[in-house]
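Visitor: I have a structure I would like to understand better, so I am pasting it below and will then ask my questions one at a time.
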Amino acid sequence: MLVWLWNIANPKSFTSRGPATPPNPSINLTSVSGPILTPKPIWQYLGFFFDRKLTFHYHAHFYATKCLSTLNTMKLLGNSSQGILPIQKQLLYRTCILPIALYGFQLWFFKKAPIYKNIAKLKKMQHRATLWITGAFQTSPLEGIEAIAGLVPIFSHLQKLNGCHYLCYASVPPSHAINSLLDLQHAKDQPPHKFSMSSLTPKQQAKLTSPIKDVNERLSKITKTFHPLHPLLSPGSRVVNRFSSRIASHSPPSSSDEDLFKHIQDLNITFCQSQCLPYHTAVIADGGVKKNNVTTAAAHIWLDNHVVNQPQIQTMNITSVGAELMAIYIGLTPAMAIDDTHNITIITDSIVATKKILESHVNPYQNIALPLIANIKLFLRRDRQNTIHFWYCPSKAEWPRHKLVDDQVKATASTPTLPSKNSFLFSRKKECDNILKEWQVSFSSSQKKDQLFLDFEDEKERVLKPTYVKGGSWLPSIGFSNSLCTRFTHMTTGHAPISEYCQRFFPNSPTSCPCSKVDVQTREHIVMQCDQYKQSTRPCNTVINSFVHFLADNPSAFSFDNG
């Protein structure tokens, strides 16, 4: 924020364009028995390095170099043949190296900012990391080994982090200073600063290159979901504190089949009691999100072994947890309005949604949870005998009464509407999904991964696509052995210790295979024809596990000991 204000107030003091500015003059204090103060070209504050033009090249260089040194040290933990496993190397890099390398990236990564030099330094660092994780050759294509290692390209990763970072400004309290710099619609009743976006002319806004401008664009697309200082969440007013003995949540102690079976038996008993005893009502709620982002939430209200009400609602662009929370809201609200109801049992397949109702801190579901909390508070205040019990019923248990609601949600025709805005979590999920989709599209059509890169399929015969979720598409299958991961990477990229590859650098070297069947030792010959390797495990399709089994049974394949 300080950097942005300085740019507006002093546009000639910090600039990345135009002729070079003369150095600041020194201040001579010898006349008062002091030193000569010489201004430094770099100013450090809270770990950020500012230069006179605010390019932050030194900042990015400092942290990239620091991470390169750390990576060189981490090689002591493992190499391509021994030490920690590749899947552990990747986790170590993502948790200990990448956050340091990207510290303060918000200062220099925004629209129209000069970022080429900074990105180049970070690419070099990530290239070194992928070589360490996969054991690939230095000449291996970066895009290919990044996909194998499950690491999203650094530019795409920065885009994802930056988009999610901008959305976080929606959660700041109204007293936060950043609100005074935004447009009036996002200022949260804060008086505008004289250099705020609302105070600039359209011409000034068009010329402005600042993160504040990008924040305005992101916030205009989401709904208001955060209420940091809501009275219902203040100490002494929280439902879980005032009515802790009359509101409870029930779930199995573990995910084992035995505990789940016992939990469902208890649920059956509880539901039967709620239908036989007076003043008891049961609510079964479920929600779902379809591929067109249409959300359906439904609930069945049971009273005296009959469904007395079936509320249902549809909306768009919210997450699955939001759908479950909405289903609880539309079921619990009319149930609390039934006369002579003192005990309500709510059955849902989302523990997370239940926790969001009972939580007292700020979360993105407050626009749904707060009205529900207010209704619960009124219901529990109405009579000291009133109680509410939440019961967890997973969908895989296929409890008959919950399955009725689940089938209703799935069978409901989804008609997309034109929503005004998205929810906060849906927007964040969309940021991540868009980056992942762009990476997959660019990877499939890119020539930088090398024409020799092999495409594999999973067990369902789907072509593997790059992803950073759960370790990636390739690494979970090969990440349990350093040697196997290295040889698999050699085979997949074609950059391997075989004659076909060595011929690029040593044209006069021998090219025949030790089996003497072919003139040039190729990757296809080693996998499908060479007599030096076991024929029983030769792959008969392009499924990745068949190639992994072949490499596991032939430890010398694509290694430096292949003869």
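Visitor: Between the range 286-337 and the range 56-109, how far is it from one alpha carbon centroid to the other, in angstrom?
Guide: Result: 46 Å between the Cα centres.
Visitor: Using a Förster distance of 25 angstrom, determine the FRET efficiency expected from the C-beta separation of Q447 and K117, and round it to 0.05. Spell out each step's value before the answer.
Guide: Working: r = 25 Å, r/R0 = 0.99.
Efficiency computed from Cβ-Cβ geometry: 0.50.
Visitor: Testing the spin-label approximation: label points 7 Å from Cα along Cα→Cβ at K53 and T139. State their distance in nm.
Guide: In this crude label model, K53 to T139 measures out at 3.7 nm.
Visitor: Now a separate question. Where the Cα atoms of the range 469-553 are projected onto their three principal axes, how long is each span, largest first, in whole Å?
Guide: 44, 30, 19
Visitor: Output the Kirkwood hydrodynamic radius of the range 144-221, Cα pairs only, in Å rounded to one decimal.
Guide: The answer is 14.2 Å.
Visitor: Once the convex hull of the alpha carbons of the range 410-563 is built, what does its volume come to per residue, in cubic angstrom?
Guide: With only Cα atoms used, the range 410-563 gives 170 Å³ per residue.
Visitor: OK, next. Rounded to two decimals, what is Rg over Rh for the range 393-459 when you use alpha-carbon atoms and the Kirkwood radius? Intermediate results must be reported in sequence, preceding the final value.
Guide: Working: Rg = 20.0 Å, Rh = 16.9 Å.
Radius of gyration relative to Kirkwood radius: 1.19.
Visitor: I've got another one for you. Can you list the residues, at least 5 places off or on another chain, whose amide H is less than 5 Å from the amide H of V543, using H built in the peptide plane?
Guide: E457
Visitor: Report the calculated FRET efficiency for D553 and E457 (r = Cβ-Cβ distance, R0 = 22 Å), to the nearest 0.05. Write down the numbers at each step before the final one.
Guide: Numbers: r = 20 Å, r/R0 = 0.92.
Computed FRET efficiency for D553 and E457 comes out at 0.65.
Visitor: Please list, in order along the range 465-470, the HN-Hα scalar couplings obtained from phi with the Karplus expression 6.51 cos²θ - 1.76 cosθ + 1.60 (θ = phi - 60°), rounded to whole Hz, x for Gly and Pro.
Guide: Couplings: 10, x, 7, 9, 7, 6 Hz.
Visitor: Continuing with the same structure: Extent of the range 84-134 along each principal axis, from alpha carbon coordinates, in Å, largest to smallest?
Guide: 40, 17, 12
Visitor: Treating only the Cβ atoms of Lys and Arg (+1) and Asp and Glu (-1) as charged, compute the dipole magnitude of the chain about its Cα centre; round to the nearest 20 debye.
Guide: 2480
Visitor: While we're looking at this one, here's another question. Sorted from fewest to most neighbouring beta carbons within 10 Å, what does the list Y533, Y116 look like?
Guide: With the fewest neighbours first, Y533, Y116 line up as Y116, Y533.
Visitor: Going by how many other beta carbons lie within 10 Å of each one, how would you line up D458, D286, fewest first?
Guide: D458, D286
Visitor: Using the Cα atoms as the points, what is the convex hull volume per residue of the range 90-192 in Å³?
Guide: Dividing the Cα hull volume of the range 90-192 by its residue count gives 120 Å³.
Visitor: With +1 on the Cβ of every Lys and Arg and -1 on the Cβ of every Asp and Glu, and nothing else charged, how large is the dipole of the range 469-553 about its Cα centre, in debye rounded to the nearest 20?
Guide: Here the range 469-553 has a charge dipole of around 180 debye.
Visitor: Now, a different point. Treating the beta-carbon of each Lys and Arg as +1 and of each Asp and Glu as -1, no other charges, what is the dipole magnitude of the range 60-174 about its Cα centre, to the nearest 20 debye?
Guide: 280
Visitor: Go through the range 356-439 and name the GluC sites (Glu not before Pro) that are in a DSSP coil and have 11 or fewer other Cβ atoms within 10 Å of their Cβ. Walk me through the numbers before you get to the answer.
Guide: Working: sites: E359, E398, E431, E438; in loops: E359, E398.
Of the GluC sites (Glu not before Pro), the ones in loops of the range 356-439 whose Cβ has at most 11 other Cβ atoms within 10 Å are E398.
Visitor: OK, next. Sort out for me the Cα centre separation of the range 244-260 from the range 524-561, rounded to whole Å.
Guide: So the two Cα centres are separated by 49 Å.
Visitor: Could you put T70, T38 in order, starting from the residue whose Cβ has the fewest other Cβ atoms within 10 Å?
Guide: In order of increasing Cβ crowding within 10 Å: T38, T70.
Visitor: Relative to the present Cα-Cα distance, how much length would full extension add between T415 and N375 at 0.36 nm per residue of separation? It would help to have the intermediate numbers written out before the result.
Guide: Values: separation 40, 0.36 × 40 = 14.40 nm, distance 2.99 nm.
Full-extension gain reported as 11.4 nm.
Visitor: Add -39500 (n - 2.57) for each DSSP H run of 4 or more in the chain, then divide by its residues: what number comes out at 222 nm, to the nearest 500 deg cm²/dmol?
Guide: -12500 deg cm²/dmol
Visitor: Beyond 28 Å between alpha-carbons counts as too far, so tell me which of K121/K194; K160/K213; K429/K470; K75/K121; K40/K75 fall in that bin.
Guide: Numbers: K121/K194 37 Å; K160/K213 17 Å; K429/K470 16 Å; K75/K121 20 Å; K40/K75 36 Å.
Table pairs above 28 Å Cα-Cα are K121/K194; K40/K75.
Visitor: Rounded to two decimals, what is Rg over Rh for the chain when you use alpha-carbon atoms and the Kirkwood radius?
Guide: 1.06
Visitor: Semi-axes of the range 261-365's equivalent ellipsoid from the Cα gyration tensor, sqrt of 5 times each eigenvalue, largest first, rounded to whole Å?
Guide: Equivalent ellipsoid of the range 261-365: 25, 15, 14 Å, largest first.
Visitor: Express in nm, to one decimal, how much length is gained between D183 and K262 on full extension, taking 0.36 nm for each residue of separation and deducting their alpha carbon distance. Provide the component values of the computation, followed by the final result.
Guide: Values: separation 79, 0.36 × 79 = 28.44 nm, distance 5.52 nm.
Full extension of this stretch gives 22.9 nm more.
Visitor: Quick check on the range 231-411: take the gyration tensor over C-alpha atoms, sort the square-rooted eigenvalues as a ≥ b ≥ c, and tell me if it's rounded (a/c under 1.5), prolate or oblate. Kindly include the intermediate steps, with their values, before the conclusion.
Guide: Numbers: a/c = 1.33, a/b = 1.07, b/c = 1.24.
The shape class here is rounded.
Visitor: Right, here's the next one. With both bridge residues required to lie in the chain, what share of the DSSP beta bridges run antiparallel, to the nearest 5%?
Guide: For the chain, the DSSP antiparallel bridge percentage is about 60.
Visitor: Give the calculated FRET efficiency between S26 and S546 to the nearest 0.05, with a Förster radius of 56 Å applied to their Cβ-Cβ distance.
Guide: Once rounded, the FRET efficiency stands at 0.20.
Visitor: Let me ask something additional. Between S244 and C168, what is the label-point separation in nm under the 7 Å Cα-to-beta-carbon projection?
Guide: Label at C168, label at S244, 3.1 nm between them.
Visitor: Can you grab the distance from the C-alpha centre of the range 372-388 to the C-alpha centre of the range 486-510, Å, no decimals?
Guide: 72
Visitor: Determine which residues of the range 523-563 fall in the zone a paramagnetic label at C502 would reach in this model, i.e. backbone nitrogen under 18 Å from the point 7 Å along Cα→Cβ.
Guide: Under cut-off, by backbone N: 523-527, 530-533, 556-563.
Visitor: To continue, here is another question. Please turn the phi angles of the range 344-356 into ³J(HN,Hα) values with the Karplus equation 6.51 cos²θ - 1.76 cosθ + 1.60 (θ = phi - 60°), one per residue in order, whole Hz, x for glycine and proline.
Guide: Each residue's phi maps through the Karplus curve to give 10, 10, 10, 10, 9, 9, 10, 5, 4, 4, 5, 5, 5 Hz.
The numbers here are math on the coordinates, done by the rules we state, and not lab data. What you see is a predicted model, and the numbers here were worked out from it, not measured in a lab. Here the Cβ is made from the backbone with ideal geometry for all residues, glycine too, and neighbour counts use every protein chain on show.
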